[in-house]
1. Taking a quarter of the surface of the Cα convex hull of region 1-47, what do you get in nm²?
2. Test of the criteria: in region 1-96, which chymotrypsin sites (Phe, Trp or Tyr not before Pro) are in a DSSP loop and have at most 15 other Cβ atoms within 10 angstrom of their Cβ?
3. Is the C-alpha gyration tensor of region 38-102 telling us rounded, prolate or oblate? Criteria: a/c under 1.5 is rounded; beyond that, a/b larger than b/c is prolate, otherwise oblate.
4. Pop out the carbon and sulfur fraction of the accessible area of the chain as a percent, whole number, probe 1.4 Å.
5. Go ahead and run the numbers for FRET between ALA39 and GLU153, Cβ-Cβ distance against an R0 of 51 Å, rounding to 0.05.
6. By how many nm would the segment from LYS94 to LEU124 grow when fully extended, if each residue of separation counts as 0.36 nm and the alpha-carbon distance is taken off?
7. Grab every C-alpha pair in region 18-75, bin the distances at 5 angstrom width from 0 up to the longest one, and report whole percents.
8. Within the chain, which complete DSSP H helices have Cα atoms spanning at least 20 Å along the helix axis and a mean Kyte-Doolittle hydropathy of -1.0 or higher?
Amino acid sequence: MAVQSEIGLIDELVRLRAELRRREREAADKELQLQRYAADLRETFKQERSRAQELRRSYMATVRALSNAVEARDAYTGKHAERVAAYGLVIARKFAPELTITPELEFGYLLHDVGKVAIPDAILYKPSSLDDDERALMSRHPVIGAEIVSGIEFLAEATEVVRSHHERWDGTGYPDGLEGEDIPLAARTFSVADVLDALTTDRPYRPACSLGYARAMINSESGTQFDPRVVEVFNSIDDEVFERIATEIR
Ligand SMILES: [Fe+2]
C-alpha cells in the first residue's frame, strides 16, 4: 500500500515537472514574441519619426521660400522676416514656451507680411506718405495674408500672427481693433520683435538705431502698443542674445 502511494507520488511529481517545463517553454515563447513585437514597434517609431522630421524640413523650406519671395521685392528689409522670427522665438520661449513646441509659430513669424504680395509696388515703395486710399489698401495686407495661408492646413496656426500682427494692446490697431488679451499671444510676442528689428535696421529715411534706443522706444509703448508682460520678458533678455541674431542674420 505504502509502495503504491509512493509510486503515485512519483507519477504526480513527473507530471508536475512536465507541466512546469511546458509552461516554461510557453513563457519563453511569449517573451520572445514580445521582444520581437517591441523591436517592430521601435523600428516603426524610428521610421515615423524620420518621416515626420523630413516633412517638417519640407514645410520649413516651403515657408522660407514663400517668405523670401515676399521679401525679395524689398531691398531694404533684407532678411527682416528671418530676424523677426529669431527675435520672436527668443521672446516667446520665455513668455509662452508652449507656443514654441511646434514650428507653427515660426511659420507665422516668417510669413507675417505675405499679404503684401497683393499690394502694388507704387504703394509699397512710395517714397512720400500714403494718401487715405493707399493707406486703406496697405492696411488690408494682414487680411489678404490670412486668406492666403488659411487654405493651407499646416499653416492654420500661423494665420493668427499673419492676421493680427498689426493689432495694438490698446485696441487702436488693425484689421480687427482687438484689445489686450483678445489679441492672440503669438501676435503679441511678434509685435515687439517686429518693432525691434524695424528700429535696429537701416531704412531709406534713417539709419539704424541702437539697441538701447530701441529698448527705450519699446518700453515707452508698453501698455499702449505692446502687452506690458511681453515687454517685461523682452527687458529680461540680454543684449548679447539680440546682437548675436542681428550679426548672424543679415
Ligand atoms: Fe505687416
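The values are calculated or read from the model by the stated rules, or taken from the named source; none is laboratory data. All figures in this text were calculated on a predicted structure; none of them were measured in a lab. Cβ coordinates were reconstructed from backbone atoms using ideal geometry, including for glycine residues, and neighbour counts include every protein chain displayed. Just the protein is used for accessible areas: all its heavy atoms, side chains included, with ligands, DNA and RNA removed. Shrake-Rupley method; radii C 1.70, N 1.55, O 1.52, S 1.80 Å.
1. 2.7 nm²
2. TYR76
3. Oblate.
4. 55 percent
5. 0.90
6. Between LYS94 and LEU124, full extension yields 7.4 nm more.
7. 4, 16, 9, 11, 8, 8, 8, 6, 7, 5, 5, 4, 3, 3, 2, 1, 1, 0
8. What comes out of the filter, once short or polar helices are dropped, is 2-71, 80-95, 185-199.
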